[in-house]
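Below: the structure, in structure tokens.
Read-outs throughout are calculated quantities, based only on the coordinates presented, and are distinct from any laboratory measurement. No experiment lies behind these values; they were computed from the predicted model shown. All Cβ positions, even for glycine, are placed from backbone atoms using ideal geometry, and neighbour counts span all protein chains on display.
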Amino acid sequence: MIGKYIAYLLSNYAPLTALVPAANIYPIATNPDTQLPSIVYTVDSLTPDYDKDGWVQDDCEFSVMSFANSYASMQAI
């Protein structure tokens, strides 16, 4: 669920999709023949947070990596 939301945020952010097509945004890994530029996102951890009344929220840590043909292009992403 969290991964789908991260994908939604990345693929619907117009300044980002102007540089990287939404079709080139992947979870976990890309295929060897993926065209650049591309983005890979991973959910690193998902930890529930509780207090005396029960569940409060989930703490989510994730990584977003960009890949491009040039350093300048990668920095722009």
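Here are several values of semi-axes √(5λ) of the Cα gyration tensor in Å: (i) 32, 16, 11; (ii) 30, 12, 11; (iii) 21, 14, 9. Which one was derived from the coordinates shown? Identified label for the calculated read-out: (ii). For the chain, the relative contact order comes to 25 percent (Cα pairs under 8 Å, sequence separation of at least 6).
At 222 nm, what value in deg cm²/dmol follows for the chain if DSSP H runs of at least 4 each add -39500 (n - 2.57) and the sum is divided by all its residues, to the nearest 500?
Values: 3 runs with 20 residues, N = 77.
When only DSSP H runs of four or more count, the value is -6500 deg cm²/dmol.
Note on GLN57 and TYR8: their simple-model spin labels are 1.8 nm apart, each label 7 Å out from Cα toward Cβ.
Residues of region 25-41 falling in the label zone of SER70, defined by backbone nitrogen less than 20 Å from a point 7 Å along Cα to beta-carbon, are 35-39.
Under unit Cβ charges (Lys, Arg +1; Asp, Glu -1), what dipole magnitude, rounded to 20 debye, does the chain have relative to its Cα centre?
Roughly 400 debye, rounded to the nearest 20.
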